[in-house]
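For reference, the structure discussed in these notes is given below.
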Amino acid sequence: MSPKTLYDKIWDAHVVSEDADGTCLLYIDRHLVHEVTSPQAFEGLRMANRTVRAPDKTIAVPDHNVPTTAGREDPKNMTEDSAIQVAALDKNAKDFGIHYYPVSDIRQGIVHIVGPENGWTLPGMTVVCGDSHTATHGAFGALAHGIGTSEVEHVLATQTLIQKKSKNMKVEITGKLRPGVTAKDITLSVIGATGTAGGTGYVIEYCGEAIRDLSMEGRMTVCNMAIEGGARAGLIAPDEKTFEYVKGRAHAPKGAQYEAALNWWKTLYSDDDAHWDKVVTIKGEEIEPVVTWGTSPEDVLPISAVVPAPEDFKGGKVEAAKRAIEYMGLTPGQKLTDIEIDTVFIGSCTNGRIEDLRAAAQIVDGKKIKVGRAMVVPGSGLVRAQAEEEGLDKIFTDAGFEWRLAGCSMCLAMNPDQLSEGERCASTSNRNFEGRQGYKGRTHLVSPAMAAAAALTGRLTDVREMMTEDA
Ligand SMILES: CC(C)[C@H](C(=O)O)[C@@H](O)C(=O)O
Ligand code: SF4
């Protein structure tokens, strides 16, 4: 047998049929659904008098539109558009008999946090969702990617997807990370090195010692942003940490079924002499805590750097940098640590998991915020409950943070949590596009620890300074 990558193995295990031109029909193991990209798909099923082919493999949860404050069950606390989308999901979930976590359910949260947490996401699976950050689930060694609304309808109706295979790309992070450097810094640094189009046409497998050393939470953070680097999906080979994380979760296999699954999961790695179409290697020791200065996730620099000048770039990027610097209200040459912050947002499917909240709480503990507003939005009701059990909510509220209910929140301006014009935010989310967090809002992407540090000083801050202070 010829050697295969992890991607090749999962792909081959799911091909139902293949056309002469390489177009394949892939079997889909899990279909995750949220309120934004599913209404028309369900409507399509109704019009064609179809049912959902595999309701047991279809899991829905509202996340993008829901407010994160008390009383959110009341549609009057949402815009009309949001209320319509959430009500449609309520009805569709009921009518079509799929798994559903409404806002009143403690398991509700951001779809990419809910899937793994409840054991829906397992190694070797194909996982799709009408959402670009579906790549998150790749952290389990699952082939997971976003699909469009017409594909959502196709998967609902048939439990299959029409796909052409991507190329194989390996991103290796060698060695150990330095203190204060996190999964978020890895994933942003990779995009900084490859650009937002560097992964176009590829499925990325992240590997190397620094990736192995990450927790499952950290691995999800890395894979979450594969899409921002242009890749179709991001993957990490499953190992003992993965199996341990999955074991005992509500919908994970149990007993003899778990053992049987485990035997297969253990075969899910790239063979030594597998073929890679592209390889990128980054030294883990050289990664620094980073921050974005511009309006694309590739506009990333170590926190010790200064705002670049447009002339530092080449080609089309010169104009783009000029515009980004203007939009962000910055001056070339200004130290990144001199940029004053109005708001801090800790949350999203990139960094809204328990470990992220712990990392932020550790920095915040016993101190007070210096920014106008700061909020922590747990990625799910279960993350929130766990954090409360550990007393993290108290650390945050004592410091002046707001402690919210689960949802996408300020990651994108689709719900009441938004930046106002010119407001500058240190955010643990994954996109810093113009207007992403609110009209004319300004976003600096950072890790949870860096976000916490910025909240305490009122400016972008090198978290390592605070760590030495504490030591
Ligand atoms: C609303 C949804 C379709 C969108 C996505 O696909 O990613 C959102 O989750 C985002 O992060 O921009
Ligand atoms: S948290 Fe942000 S990135 Fe994640 S699904 Fe929601 S809007 Fe998209």
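Here, each number is a calculation from the coordinates, and none is a lab measurement. None of these values were measured; they are calculated from a predicted model. Note: ideal-geometry Cβ built from the backbone for every residue, glycine included; neighbour counts use all protein chains shown.
What the table shows:
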{"quantity": "Value of relative contact order over the chain, rounded to a whole percent, pairs C-alpha under 8 Å and six or more apart", "calculated": "17 percent"}
{"quantity": "Electrostatic dipole magnitude of region 1-121 [Cβ: Lys, Arg +1; Asp, Glu -1; Cα centre; debye, to 20]", "calculated": "260 debye"}
{"quantity": "Set of aspartates and glutamates near K335 by C-alpha distance (under 18 Å), chain-local residues within fewer than 8 positions excluded", "calculated": "E288, D299, E311, D312, E326, D462, E465"}
{"quantity": "Pairwise centroid distance, computed over Cα atoms, of region 109-163 with region 217-283, Å", "calculated": "14 Å"}
{"quantity": "Cα gyration tensor shape for region 319-471, rounded if a/c is under 1.5, else prolate or oblate", "calculated": "oblate"}
{"quantity": "Estimated 222 nm signal from helices in the chain, with DSSP H stretches of n ≥ 4 weighted -39500 (n - 2.57), rounded to 500", "calculated": "-9500 deg cm²/dmol"}
{"quantity": "Candidate lysines - alpha carbon under 30 Å from K167, same-chain residues fewer than 8 apart omitted", "calculated": "K4, K9, K57, K176, K184, K241, K266, K278, K283, K314, K317"}
{"quantity": "Per-residue Cβ neighbour rank within 10 angstrom, fewest leading, R353, R384", "calculated": "R384, R353"}
{"quantity": "Extended-chain gain in nm, criterion 0.36 nm per residue less alpha-carbon gap, D90 and E465", "calculated": "130.3 nm"}
{"quantity": "Label zone at A157, where the point sits 7 Å out along the Cα-to-Cβ direction: region 49-78 residues whose backbone N lies under 12 Å", "calculated": "49-53"}
{"quantity": "For region 6-164, share of DSSP beta bridges that run antiparallel, in % to the nearest 5", "calculated": "35 percent"}
{"quantity": "Charge dipole of the chain about the Cα centre (unit charges at C-beta), most positive-ward option of P289, T134, H275", "calculated": "T134"}
